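Read through the structure below, which is laid out as structure tokens, and then see the notes.
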Amino acid sequence: LVEADVPGLGATARAVRVLGPDGAEVPSQLLDGNTVLFVAKVPPVGFAVFDVQAADAPAPSALKVTESSLENARYRLTVDRNGDVASVYDKSLGKELLAGPARLEIKTDKPAQWPAWNMDYADQMRAPRAYVSGPAKVRVVENGAARVALEVAREAEGSTFVQTIRLAAGDAGARVEFANLIDWNTRES
């Protein structure tokens, strides 16, 4: 995926159309004002030229997103009421990849020395004392032809967790991306 600022695109542009070096249209979307996101194939140690044009309407997308799921050509993810990823189904393998929900753990962390930066092995081997759970505030933050994303916001033990889960089109869609923004206020953990 390429994210680029395209000056002069115009504040009135409602969508974009991006053409690759061969003249074929590639999945793309307008993120805001002059920022464009598109799928690019570029040779190693080389370059490619893409033509970005304003468009009247967004291109149709093979990507799907709701407040409880994301889907691309390879994966179908579901998010439960707690905000945890409950399922990652790999369509290419025809297989569920998770044995249980992917959850954020909170473990007690009280090392014998240097508590500002040290972690004791024994603390890490213990079971978590809690999990970050719901109620989750979930919203669709991207819904385009190049990428879809859900934002999951939760609070636990005085800390705030905002997790963004993304799926992309093309070769970039061979992975699930997680971005965590955490305002950590939980002592000894």
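Which strands (runs of 3 or more DSSP E) sit wholly inside region 26-66 and have at least 2 residues that are closer than 12 Å to GLU3 by Cβ?
Working: elements: 28-32, 35-38, 51-55, 64-66.
Where strands (runs of 3 or more DSSP E) fall fully within region 26-66 and carry at least 2 residues being closer than 12 Å to GLU3 by Cβ, they are 28-32, 35-38.
The test for being modelled with pLDDT of 95 or more, in a loop (DSSP other than H, G, I, E, B), over 17 Å from VAL162 (Cα atoms) and open to solvent by less than 60 Å² (accessible area, probe 1.4 Å) does not hold for LEU93.
Within region 46-81, being within 19 Å of ALA174 (Cα to Cα), among the charged types (D, E, K, R) and surrounded by 14 or more Cβ atoms within 10 Å (Cβ to Cβ) holds for GLU71, ARG74, ARG76. Against the test of being more than 21 Å from the chain's Cα centre (by Cα) and assigned to a loop (DSSP other than H, G, I, E, B), the options ASP109, ASP123 yield a single qualifying residue, ASP109. When the residues of region 31-45 are filtered to those that are touching a strand residue (DSSP E or B) at 6+ places or on another chain (Cβ under 7 Å) and more than 16 Å from VAL141 (Cβ to Cβ), the one that is most open to solvent (accessible area, probe 1.4 Å) is ASN34.
Yes/no matrix, rows are residues, columns are (1) open to solvent by less than 40 Å² (accessible area, probe 1.4 Å); (2) assigned to a strand (DSSP E or B); (3) free of Cβ contacts under 8 Å to residues at least 12 places away in the same chain:
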site	(1), (2), (3)
ASN118	no, no, yes
PRO135	no, no, no
VAL141	no, yes, no
ASP171	no, no, no
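The values are calculated or read from the model by the stated rules, or taken from the named source; none is laboratory data. The structure displayed is predicted, hence computed values, not measured ones. Here the Cβ is made from the backbone with ideal geometry for all residues, glycine too, and neighbour counts use every protein chain on show. Heavy atoms of the whole protein, side chains included, go into the accessibility calculation; ligands, DNA and RNA do not. Shrake-Rupley method; radii C 1.70, N 1.55, O 1.52, S 1.80 Å.
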